[in-house]
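The values are calculated or read from the model by the stated rules, or taken from the named source; none is laboratory data. Values in this document were obtained by computation on a predicted structure and should not be read as measured data. Positions of Cβ are backbone-derived with ideal geometry, glycine not excepted, and every protein chain shown enters the neighbour counts.
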Amino acid sequence: MSTPMTYTADKPSFEWDVHLKPKGAGLFDLRPPGVPIDAKPVYDTDLDCIIGYQKEDAGVFRTYSLGGDISVSERPLETPLFDPLDVVFMVGGIWRSGLRGLTEWGVKGVGASLERTTLYGLRARYYALMQQPLRFAAEPLAHMKEPGRFVPVHILRLAIKYGKRTPDPRGTPGFFMYKIAVTRLGRYQVGKKYILEVLVKEKDYIIYHFQYSPIK
């Protein structure tokens, strides 16, 4: 999936039309720093993406947002058991607490019961993340329309927010490369890990290159 980087700093840039997105945005998982590895992703059916994470410890639930916030709540009086093989907790749509099934993309999960304020808080952090300006040069915009290259915009924003930042490998002034681990959940199975790299002209927050490659 590697592509040579060919760009100049004066290329025109474009906004991303959300109506053009290929299917499968809900398959991507990029955990903010501090989220435990065993915390289960919270998949929002209505938004078709992971909006947070939740972990239980001795009857106490810790919920982590995409912004890195943590909320704590005690176990409800009646909490349905879930299969350890369930990959995600699902909220929104038909997903009542304890209801098992698959996401639209074939990821196994169980319906989660979140307090309304907790769910609204997770969604609010997602919407706040999406408000940050981000544009695309023509080549990466074309890649966004390819199912095999597409990366959800909020995942690209998370990579810029949390990824390791280094100067552009080609030395273009004002350009920086961000790299971070990301998981792409597989159909009916645990996901595969990749390194996502995003090249950004930071003055205008324009993406000039992005790709994700398997971790060897």
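For residues that are surrounded by fewer than 20 Cβ atoms within 10 Å (Cβ to Cβ) and touching a Leu at 6+ places or on another chain (Cβ under 7 Å), scanning just segment 182-216, find the one that is farthest from residue 43 (Cα to Cα).
205
Results for (1) in a strand (DSSP E or B); (2) in contact with a helix residue (DSSP H, G or I) (Cβ under 7 Å, 6 or more places away or on another chain); (3) buried (at least 17 other Cβ atoms within 10 Å of the Cβ), shown as yes or no for each residue.
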{"site": "123", "(1), (2), (3)": "no, no, yes"}
{"site": "156", "(1), (2), (3)": "no, no, yes"}
{"site": "171", "(1), (2), (3)": "no, no, no"}
{"site": "180", "(1), (2), (3)": "yes, yes, yes"}
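Yes or no, residue by residue, for (1) farther than 20 Å from residue 68 by Cβ; (2) touching a strand residue (DSSP E or B) at 6+ places or on another chain (Cβ under 6 Å):
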| residue | (1), (2) |
| --- | --- |
| 89 | no, yes |
| 93 | yes, no |
| 105 | yes, no |
| 116 | yes, no |
| 122 | no, yes |
| 129 | no, no |
| 137 | yes, yes |
| 140 | yes, yes |
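Just to check your reading of the model, which residue among 125, 116, 100 is basic (Lys, Arg), over 13 Å from residue 41 (Cα atoms), touching a Leu at 6+ places or on another chain (Cβ under 9 Å) and not assigned by TED's automatic domain parsing to the domain that holds residue 153?
It is 125.
What is the one condition in (1) touching a helix residue (DSSP H, G or I) at 6+ places or on another chain (Cβ under 7 Å); (2) touching a residue at least 40 places away in the same chain (Cβ under 8 Å) that residue 206 does not satisfy?
Going through (1) touching a helix residue (DSSP H, G or I) at 6+ places or on another chain (Cβ under 7 Å); (2) touching a residue at least 40 places away in the same chain (Cβ under 8 Å) one by one, residue 206 breaks only (1).
Just one of (1) part of a loop (DSSP other than H, G, I, E, B); (2) at pLDDT 85 or above trips up residue 81, so point out which.
(2)
Being touching a residue at least 60 places away in the same chain (Cβ under 8 Å), part of a strand (DSSP E or B) and under 17 Å from the mean Cα position of the chain (by Cα) is the filter here; which residues of segment 187-200 pass it?
190, 191, 196
Being of a type in the set (A, V, I, L, M) and under 18 Å from the mean Cα position of the chain (by Cα) is the filter here; which residues of segment 201-216 pass it?
Answer for segment 201-216, where residues must be of a type in the set (A, V, I, L, M) and under 18 Å from the mean Cα position of the chain (by Cα): 207, 215.
For segment 148-168, how many residues are touching a residue at least 24 places away in the same chain (Cβ under 8 Å) and farther than 18 Å from residue 30 by Cα?
Going through segment 148-168 one residue at a time, the tally reaches 1.
Can you pull out every residue in segment 130-149 that is crowded, with 18+ Cβ neighbours inside 10 Å and touching a helix residue (DSSP H, G or I) at 6+ places or on another chain (Cβ under 8 Å)?
Matches in segment 130-149: 134, 136, 144.
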